[in-house]
Amino acid sequence: MPQDTLTSSPVNHRYRTLLAARDTPAGVLENTGGGNAALDLSDPAIDERVSATKAQLYDVIKTHLGDKPERYAIADKIVADGGEALRVLRGEDDEGLTARGDVIDSLEAIIRTDGSRPSFMICDGVVDMTTSPVGTWANDITLSMDLLRKAFSCIGRIDVPSAEFGFQGTGFLIHEDLIVTNRHVLQVITDWQADGSWTLKPGVAIDFGHEFRGRASLNRRLIKSVVYAGPDPIRSFIDHKKLDLALFELEPADVANRPQTVLSIEGSTNWAKPPQQMYIVGYPGSPGPGVAPPTLLELLFQSTYGCKRLAPGVLMTPQANVQT
């Protein structure tokens, strides 16, 4: 059957573009909003896609997630819902899609699990590409591995012994004794004092390990003090009009563990232009009770919460009125 040529609205186009990334080398302009996103949504193509996704999920479960029957059942549900979601995407406009919250969740799950936008575990300082369906990203990640390894050594988990899950965010080493993180992280690892100062909770530290089946701890350092915090409190929802940034000073490292490199901050305003390739590294955790019921993906990968991950992607052009 010929590829689908439905006139697409912004939401519809977004998912088509993301899904098309699985079948096209990373970074190609046509898959970042710069042209038509070619996506075959015929029944045979959908069946092939969900079948391949299922096989890859089964492999991840067998190799990394304990080979448990209940996890295969979750994978089966993901691909079944994903097949329905792709068929809805084929024929629905924005209104039809947004009215089907279950379908949107399934589309997000397919994007995360079919190699369109993978999320890999980091083990012993390198990307383990067996921990997520890789799509077309293998060559790009391999070519970037030396630079990525240097970056990984500068990215750590902010541990808080009193926290429910033992940690509260990710920190980035930008100087031998200085890390940057979010103000909303600062707010949960310190107590604000009446004089406007911050007092760190006991035992707060940054650890550059916490790898899944890799290094449990690496160059752990206590956080010494708050150097700077954005002026406005960050409430339940992130407000991009507020500066969600904080700087912390670390206790000095011993001679043997002094950092060999630090991250730099890009001050240019024009670097982020599509189709710029991006790598996001951090320690995603559980959304916690009372936020929302866990998604199927959260149930499947909950054993990996708090471990260092890498997610590759490509900057996309915002879509307002797109014809595909």
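The values are calculated or read from the model by the stated rules, or taken from the named source; none is laboratory data. On a predicted model such as this, the values are computed, not experimentally measured, just so you know. When we count neighbours, we look across all protein chains shown, and the Cβ atoms used for this are built from the backbone with ideal geometry, even at glycine. With ligands, DNA and RNA removed, areas are computed over all heavy atoms of the protein, side chains included. Shrake-Rupley method; radii C 1.70, N 1.55, O 1.52, S 1.80 Å.
Observations on the structure shown:
- Filter result (in contact with a strand residue (DSSP E or B) (Cβ under 6 Å, 6 or more places away or on another chain) and open to solvent by less than 70 Å² (accessible area, probe 1.4 Å)) within segment 260-283: V262, L263, P275, Q277, M278, Y279, V281, G282, Y283
- Breaking point among (1) part of a strand (DSSP E or B); (2) of a type outside the set (F, W, Y); (3) surrounded by fewer than 13 Cβ atoms within 10 Å (Cβ to Cβ), for E249: (3)
- Odd one out for F165, checked against (1) part of a loop (DSSP other than H, G, I, E, B); (2) of a type in the set (A, V, I, L, M, F, W, C); (3) open to solvent by less than 10 Å² (accessible area, probe 1.4 Å): (3)
Residue-by-condition table, conditions (1) open to solvent by 20 Å² or more (accessible area, probe 1.4 Å); (2) over 29 Å from I61 (Cα atoms):
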residue: V134; (1), (2): yes, no
residue: D140; (1), (2): yes, no
residue: R149; (1), (2): yes, no
residue: S153; (1), (2): yes, no
residue: I158; (1), (2): no, no
residue: G169; (1), (2): no, no
residue: L173; (1), (2): no, yes
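- When L178, L107, L97 are checked against the criterion of being surrounded by fewer than 19 Cβ atoms within 10 Å (Cβ to Cβ), touching a Phe, Trp or Tyr at 6+ places or on another chain (Cβ under 9 Å) and on the phi < 0 side of the Ramachandran plot, a single residue qualifies: L178.
- S197 being loosely packed, with under 13 Cβ neighbours inside 10 Å and farther than 17 Å from I155 by Cα: yes
- Inspection of segment 194-215 finds no residue satisfying the criterion of being at pLDDT 95 or above and hydroxyl-bearing (S, T, Y).
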